[in-house]
Amino acid sequence: MDLEKSIMTDISRLSAVIFLLLLSAPAFAFEVSGLSVPESFIVDDETGNYFISNINGKPTEKNNSGFITKLNPDGSVVDKKFVQGGRNGVTLHAPKGLLISGDTLYAADIDHVRGFDKNNGGQKVSIDLRPFKPKFLNDLAQDYSGMIYVTDMGTNRIFSIDPANGNKVSVFASGPELASPNGISFSAVKKKLLFANADTGELYWLDERGKPSQFETKKRLDRDLDGIDFDREGNLYVSTFTGGMIYKIDRQGEVQQIMTHLVTPADISLDRVNRLILVPSFSGNRAFTLTY
């Protein structure tokens, strides 16, 4: 009888542990299939609509076939090709990182940053970075002053774009710490930019002059870091492209592996209102959301 009670007690404890793990584990919210090399997935904080960039070809190919998908706040598709290269006077080759500022939806596109009307998809601006000879413009971020930043994995630099000064482009940061800078995000808590170094698996803060300082983590991260974003509390979420993982890193540098075995999670971001991680599966040709 004592053995039976002991077994029942152990089963109850195990059930409680499993229940708690299920409560804390990320859960799928919605999914979009039928995409074509999706790279970035963001939310418009003002409307609740979502946007997904689709390279639709090779990442460095100038074929004017890239497109951007628009979703309703419930995840249903408004228009799979809301912005389409080669249609309605739009040029869009291989869109990667996305950013919304006001009514403008920006996309990093090889050697340009292009801006579109988030309401009708029309092209508003094309910012030419070719004088700086970039090779692989990747991710976008904006700071509290309105300045826009774009990483260039191909030449190990980060550029700044000043919308208040005719979209003037400058080299904001360069140097050995910028070996393949990929994801970039602005921390509202720290009031600083952070970028992910894809080659080394390290994270670096950038001060107002573009000088990097390492964000120390208690556990070493995998290489091939991709998307990064902060929640409202200042916790950081990071995807590893080839490793198929998503990390959560708190402000003290403690690392938690919250999702594994994903297929090429690229430029993730957060929907902070609905507490969702937005995950584009680059070679899976789908995008999905996870609760956090």
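The values are calculated or read from the model by the stated rules, or taken from the named source; none is laboratory data. Because the structure is predicted, anything quoted here is derived from the model rather than measured. Neighbour counts run over all protein chains shown; Cβ positions are idealised from the backbone, glycine included. Each accessible area value is taken on the protein alone, full model and side chains, heavy atoms only, with ligands, DNA and RNA left out. Shrake-Rupley method; radii C 1.70, N 1.55, O 1.52, S 1.80 Å.
You can think of it this way: the chain between Val171 and Lys124 has 14.6 nm of extra reach, that is 0.36 nm per residue less the Cα-Cα gap.
Based on DSSP H segments of at least four residues, each scored -39500 (n - 2.57), the chain has a per-residue ellipticity at 222 nm of -3000 deg cm²/dmol.
Chymotrypsin sites (Phe, Trp or Tyr not before Pro) within the range 106-206: which are DSSP loop residues with at most 11 other Cβ atoms inside 10 Å? Those that pass, being in a loop and sparsely packed, are Tyr144. Mind pulling the angle between the C-alpha long axis of helix 2-24 and the longest principal axis of the chain? Nearest 10 degrees, somewhere in 0 to 90. Rounded to the nearest ten degrees, it is 10.
At 7 Å along the Cα-to-beta-carbon direction for both Asp117 and Asp103, put a label point, then send me their distance in nm to one decimal. Label-label distance for Asp117 and Asp103, simple model: 0.7 nm. The modelled label-to-label distance for the pair Ala179/Glu46, using points 7 Å beyond Cα in the direction of Cβ, is 4.1 nm.
Taking the 1.4 Å solvent-accessible surface of the range 69-169 as the whole, the part contributed by carbon and sulfur is 44%. What aspartates and glutamates sit close enough to Lys218 to cross-link, taking a C-alpha to C-alpha distance under 14 Å and skipping anything fewer than 8 places away on the same chain? Those aspartates and glutamates meeting the cut-off are Glu202, Asp250, Glu254. Over the C-alpha atoms of the range 132-179, the Rg to Rh ratio, Rh being the Kirkwood estimate, stands at 0.97. Model label sites at Ser33 and Lys58, defined 7 Å from Cα along the beta-carbon direction, differ in position by 3.0 nm.
What does the extension gain come out to for Lys219 and Val189, with contour length at 0.36 nm per residue minus their alpha carbon separation? Can you show the working numbers first?
Working: separation 30, 0.36 × 30 = 10.80 nm, distance 2.22 nm.
So the extension gain works out to 8.6 nm.
Loop-located GluC sites (Glu not before Pro) across the range 173-223 with a Cβ neighbour count of 16 or fewer within 10 Å are Glu208, Glu216, with loop assigned by DSSP. Using the 1.4 Å probe convention, the accessible area of the chain works out to 45 Å² per residue with neighbouring protein chains retained. A Förster distance of 41 Å, applied to the separation of the beta-carbon atoms of Asp162 and Ile258, puts the FRET efficiency at 0.70.
Potential lengthening of the chain between Lys211 and Phe132 amounts to 26.5 nm, from the contour at 0.36 nm per residue minus the alpha-carbon distance.
When the square roots of the Cα gyration tensor eigenvalues are ordered a ≥ b ≥ c, the ratio a/c for the range 124-205 is 1.5 or more and a/b does not exceed b/c, which makes its shape oblate. Applying a DSSP loop filter and a limit of 14 other Cβ atoms within 10 Å to the trypsin sites (Lys or Arg not before Pro) in the range 148-190 leaves Lys190. The lysines whose alpha-carbon is closer than 17 Å to the alpha-carbon of Lys219, local same-chain residues fewer than 8 away aside, are Lys248. The fraction of all Cα pairs in the chain landing in successive 5 Å bins from 0 to the largest distance is 1, 6, 13, 17, 19, 17, 12, 6, 3, 2, 2, 1, 1, 1, 0, 0, 0, given as whole percents.
Between Asn235, Gly201, Asn182, the Cα set farthest toward the positive side of the dipole of the chain (charges on each charged residue's Cβ, about the Cα centre) is that of Asn182.
When only alpha carbons of the range 161-234 are considered, Rg and Dmax amount to 13.0, 43 Å. How would the range 70-227 be classified by its alpha-carbon gyration tensor: rounded, prolate or oblate, with rounded meaning a/c under 1.5 and the a/b versus b/c comparison settling the rest? Since a/c reaches 1.5 and a/b is larger than b/c, the shape of the range 70-227 is classed as prolate.
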